[in-house]
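**Student:** Just dropping this structure here.
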Amino acid sequence: MAVIRDVMAPFELFQPTSVDAALELLDRHGSSAWVLAGGLDSFDWLKDRIKRPSVVVDLSGVAELKGVQPKGDGLEIGAMTTLTEVVRHPVVQDRYSILMKAAEAAASPQIRNQGTIGGNVSQDTRCWYYRAGWSCYRAGGNICYADTPTAINREHAILHADRCVAVNPSDTSPALIALQAEMVIRGRDGERVVPAEEYFVGPGTDITRMTVLRTGELLTSIRLPGTWAGAHFYFEKVADRNVWDFPLVNVAAATVMSGDTIDRMRIAVNGVAATPLRLPAVENAVRGKKRDDATANAAGDLAIGGAVPLHHNGYKVPLLRNLVRRAVRGTDNVWTS
Amino acid sequence: MDILTWGRTPWGEWMLTHISWDLLWAALFAGFAFLVAHASYMLLSAHRKRDAAETDRLEAARTDLPVRISRHSLAARLFHWVMAAAMFTLLFTAFLPIAGVKFAWVQWHWMAGLVLAASIVFHIIHATVWMDFWSIWVGPKDLPELKAELMRELGREADGPKPGKYPLGNRLYHLVIVLSALVVVTSGLFMMVRVRTPFFTRNPYLLDDAKWGLTYVAHGLAGVALVGLVIAHVYFAMRPEKWWITKSMLLGWITRRQYLEHHDPQRWVS
């Protein structure tokens, strides 16, 4: 299909200044409305004319969605807070440095200035078959072009594939899962709060969506509890380039030590499945164990259980194993297998 | 309302992808509309019912028959209820997600599909070897019975034949369900080649895009048809005047009185 780039199809633009006004617009226009945050994902879709919404609701003028505020013993981050603001916030730097590292790793400074944390966790997959506008499962069709004998699927899923093998490209998501964050969602019917790991939807449950956001709903903020504040953090991202690139695999872990043993840990990875994955088997296995190579090795082996590589992404299996090892060990040791 | 959905291949060609899910709502509407229409007709019409005295005379004349007449063997009943469980699982796993109830449905769906396919194979063998194979089918020979049934439904006395083992409605329903089930199972088995199962090596290129589109459309059309057919089946199974048939599918037998009241012993081949 010929793709027309850089010339968006016409749409009606709305720029509300409150959440209520935005929700009213989304309710009025239903599935024909497109929510615009920083625009870094959206403008690809719109300029390529793959998505052609008749209405765009630009949230950039909604002040109540911006900023970082204290909330109980933690923080509440507005969904429209830019990644730069997250990275520079002193409490984030001091008590939630894993989120700072993840947000910093997400993109170049220019993109971080424009991109929002809400957009980063809610962005669509980067599978190029899907983004080229072909009628794959995720686009409502009946085939996954990335999971065929001739497909180029180096960046695709090794875990939990269900017809679609696309992966979630967010860097901040695993950090938020490790921090036990909660996502605050508002619709015309009220507010609901879901744990970060339940915010994402796999293809087995709904093949056309990445998150639990329903038509007419907005992610308004992200709450960070104090539970893991100041823990030992580990975040690492492996990408083809060190700037402006999506992760091949990333890992985020928050660890609380008791002497030289692991008291508790939360660990999550991304880039290996259609959703960021929390690894409860690893968390349970390392609890009460010494933070050493043996524990890290066992954790790495657990993390890759059930992995099914495609033709070109077999490298993700040892990559995932080694990143989990390093996160559990807490150091960037080099494992050769 | 759309009927079919279309997509574009990487080569820019239009292809069928599947049916429009608007058809699900149409099938549900049709099923419940039929239910309401039939129930209203049964309440208001003067369909002919054999009076008790007439049945008394019939029964008095045939005391040689056992009190309980076997209608469905244990194997036949087991098939029916296994198939029913598989069918309900298939319909719920297929259509609840479309109705907004989201869950991981694919694995449950194909597993239930395999149970349905296996039960159908069993049924074909069982019916061919151990049952009167032709007693369930309809054909031109049944036109007099159809005419008599219609007259009775209109409240008129009719001398036409009574059914053998299976009432005409049963046989017509069986014919439609056979066609729908064969389409849905055959297309479903092909579609299993596209998903990860322990049974097949995935091969999305087994068919070309056009044939895959037709396969998905056939599966969808048969699926929504089954929604309406199952609604009708459950409705009839629960109607008071049909409850004796439903009961026989649980217990395996009907009474001598029911046998003589509703069937022609000459046409009933066990």
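Taken together, the values in this text are just the output of simple stated rules run on the coordinates, not laboratory data. From a predicted model like this one, the values you see are computed outputs, not experimental measurements. We place every Cβ from the backbone using ideal geometry, glycine too, and count neighbours over all the protein chains shown.
**Student:** Per DSSP H run of n ≥ 4, the term is -39500 (n - 2.57); total these for the protein assembly as shown, divide by its residue number, and report the mean residue ellipticity at 222 nm rounded to 500 deg cm²/dmol.
**Tutor:** Theoretical 222 nm ellipticity from helices: -13000 deg cm²/dmol.
**Student:** Another one. At 7 Å along Cα-to-Cβ for each site, give me the label-to-label distance between A:Thr331 and B:Ala33 in nm.
**Tutor:** With each label point 7 Å from Cα toward Cβ, the separation is 7.4 nm.
**Student:** I need the peptides B:133-145, B:116-128, A:297-309 ranked by packing, meaning the mean over residues of other C-beta atoms within 10 angstrom, with the highest value on top.
**Tutor:** Highest to lowest by the protection proxy: A:297-309, B:116-128, B:133-145.
**Student:** Here's another thing I want to ask about it. Residue separation times 0.36 nm, minus the C-alpha to C-alpha distance between B:Ala99 and B:Trp6: what's the value?
**Tutor:** Gain on stretching B:Ala99 to B:Trp6: 31.4 nm.
**Student:** Taking the Cα-to-Cβ direction at B:Thr186 and at B:Leu214 and moving 7 Å from each Cα, how far apart do the two end points lie in nm?
**Tutor:** Those two pseudo-labels are separated by 1.1 nm.
**Student:** Here's something else I'd like to know. Taking the Cα centre as origin and putting +1 on Lys and Arg beta-carbons and -1 on Asp and Glu beta-carbons, what dipole magnitude results for region B:92-163, to the nearest 20 debye?
**Tutor:** 280 debye
**Student:** Something else now. So which trypsin sites (Lys or Arg not before Pro) in region A:106-197 are both in a DSSP loop and have at most 13 other Cβ atoms within 10 Å of their Cβ?
**Tutor:** Hits after loop and neighbour filter: A:Arg188.
**Student:** Which of the residue pairs B:Lys141/B:Lys165; A:Lys47/A:Lys316; A:Lys71/A:Lys289; A:Lys51/B:Lys211; A:Lys51/A:Lys101; B:Lys147/B:Lys247 have a Cα-Cα distance greater than 25 Å in the structure shown?
**Tutor:** Where the Cα-Cα span goes over 25 Å, the pairs concerned are A:Lys47/A:Lys316; A:Lys71/A:Lys289; A:Lys51/B:Lys211; A:Lys51/A:Lys101; B:Lys147/B:Lys247.
**Student:** Cut-off 10 angstrom, C-alpha nodes, Gaussian network model of chain A. Which of A:Met210, A:Met265, A:Met257 fluctuates the most?
**Tutor:** Highest fluctuation among the options: A:Met257.
**Student:** Provide a whole-number value for the mean count of partner chain Cβ atoms within 10 Å of the Cβ atoms in peptide A:137-145.
**Tutor:** Mean partner shielding for this stretch: 6.
**Student:** Can you find, among A:Ser32, A:Phe14, A:Leu59, the residue sitting farthest towards the positive end of the charge dipole of region A:10-59, where Lys and Arg contribute +1 and Asp and Glu -1 at Cβ?
**Tutor:** The residue sitting most towards the positive pole is A:Ser32.
**Student:** With an 8 Å cut-off on Cα pairs and a minimum separation of 6 or more residues, tell me the relative contact order of region A:232-329 in percent.
**Tutor:** 24 percent
**Student:** For region A:289-325, state which trypsin sites (Lys or Arg not before Pro) are in a DSSP loop and have at most 14 other beta carbons lying within 10 Å of their beta carbon.
**Tutor:** Of the trypsin sites (Lys or Arg not before Pro), not one in the loops of region A:289-325 has a Cβ with at most 14 other Cβ atoms within 10 Å.
**Student:** Which residues does the label zone of B:Met111 cover in region A:141-185, counting backbone N under 13 Å from a point 7 Å along Cα→Cβ?
**Tutor:** Zone members listed by number: none at all.
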